[in-house]
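Novice: Below are the structure tokens for one structure; questions will follow.
The values are calculated or read from the model by the stated rules, or taken from the named source; none is laboratory data. Nothing here was measured: the structure is a model prediction, and the numbers come from that model. Here Cβ is always computed from backbone atoms with ideal geometry, including for glycine, and neighbour counts include all displayed protein chains. All accessible areas refer to the heavy atoms of the entire protein, side chains included, with ligands and DNA or RNA removed. Shrake-Rupley method; radii C 1.70, N 1.55, O 1.52, S 1.80 Å.
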Amino acid sequence: MAEIPPKPSVPMAVYDYADLFSVAQYNELNQSLIAFSDSTSNRIVVLTVPDLEGMSSAEYAYQIGETWGVGGSHDNGVVILLKPRTDDSSGDVAISVGYGLEGAITDAACNRIIRDEMVPYLARGEYYEGVCAGVTVLKKMACGEYSEAVEEDTFWSDLLTAVIVMAIIVFLLIKLARFMGKNGGSGSGHSRGGGPWIFPGGGFGSGSGSFGGGHSGGFSGGFSGGFGGGHFGGGGASGKF
């Protein structure tokens, strides 16, 4: 039977079992995520492993979140799992989301974060940058600073508004041209600039920032309160590189 690492006695934010990051990178990412937890109560755990023990990356990440109890009483935990690419196997990445954050961090959002933000770095062996990119977006979504659904709705709403404005302008220009023609006018009305075509900016930042990963040594602190409160229902996404 496949096994995952046992629940740690010291609850940290980063567990680099695959030894992908430097000590400095590890410390920086670990402290950043612990500070994020202290200020928001949302817990993001990054885990790297050399082998998936016969499981899919999605199942492995889920088992870590559920068995370790990543999160708090509001089930607000997130697990980012990374297995590096080797000569005889592809790389794997997964994001598993606790029950309490499934509304803010949807499966579709996780899939997009992996595909568009993380994999471009991971495919080049830039594991630190790939993790940073994913963490940056997940932190914003967990805090409600960015909602993929809201951004998508805003895009279509703004597009519809722009189309309506342009249609009104064209209609008024046609009416004005007919009026001028009936009255022998030689001038044609000029177009008054309607509202701009508005497309939401935003998007997901690539976030090199102050994150990193690293070995499991040299840390100076862990999650206050430890693990044990989080529950996971299988929400999230996974991918290969």
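Novice: Cα-Cα pairs above 18 Å in the range 16-127: how many percent?
Specialist: Distances greater than 18 Å cover 52 percent of the Cα pairs.
Novice: Would you list the P(r) distribution for the range 1-80, with all Cα-Cα distances sorted into 10 Å bins from 0 and each bin expressed as a whole %?
Specialist: It works out to 18, 51, 29, 3, in whole percents.
Novice: Moving on to the next point. For a quick protection proxy, order the peptides 101-108, 234-241 by their average other-Cβ count within 10 Å, most packed first.
Specialist: Highest to lowest by the protection proxy: 234-241, 101-108.
Novice: For the range 70-114, what is the Kirkwood hydrodynamic radius in Å, using each pair of distinct C-alpha atoms? Intermediate results must be reported in sequence, preceding the final value.
Specialist: Values: mean 1/r = 0.0857 Å⁻¹.
Hydrodynamic radius (Kirkwood, Cα pairs) of the range 70-114 is 11.7 Å.
Novice: Which net charge results when you count Lys and Arg as +1 and Asp and Glu as -1 among the other residues whose beta-carbon is under 10 Å from that of Gly230?
Specialist: Neighbourhood net charge equals -1.
Novice: On alpha carbon coordinates alone, what is the Rg over Rh value for the range 37-89, Rh being the Kirkwood radius? Numbers along the way, then the final one.
Specialist: Values: Rg = 12.8 Å, Rh = 12.1 Å.
Result: Rg/Rh = 1.06.
Novice: Which value in nm describes the separation of the simple spin-label points at Ala177 and Asn111, placed 7 Å from the Cα toward the beta carbon?
Specialist: Here the modelled spin labels are 4.5 nm apart.
Novice: Tally Lys/Arg at +1 and Asp/Glu at -1 over every other residue whose Cβ is under 12 Å from the Cβ of Glu59; what's the total? Walk me through the numbers before you get to the answer.
Specialist: Details: positive: none; negative: Glu53, Glu66, Asp92.
So the surrounding residues net to -3.
Novice: Further question on the same structure: What does the extension gain come out to for Lys7 and Thr67, with contour length at 0.36 nm per residue minus their alpha carbon separation? Can you show the working numbers first?
Specialist: Details: separation 60, 0.36 × 60 = 21.60 nm, distance 0.73 nm.
Here the answer is 20.9 nm.
Novice: Let me ask another. Apply 1/(1 + (r/R0)^6) to the Cβ-Cβ distance of Arg85 and Asp38, taking R0 = 25 Å, and write down the FRET efficiency to the nearest 0.05. Don't skip to the end; give the middle numbers.
Specialist: Working: r = 34 Å, r/R0 = 1.36.
Working from the Cβ atoms, E equals 0.15.
Novice: Calculate what fraction, in whole %, of the accessible area of the range 1-108 sits on carbon and sulfur atoms when a 1.4 Å probe is rolled over the protein chains. Mind showing how you got there, number by number?
Specialist: On the way: 2230 of 4460 Å².
That fraction is 50 percent.
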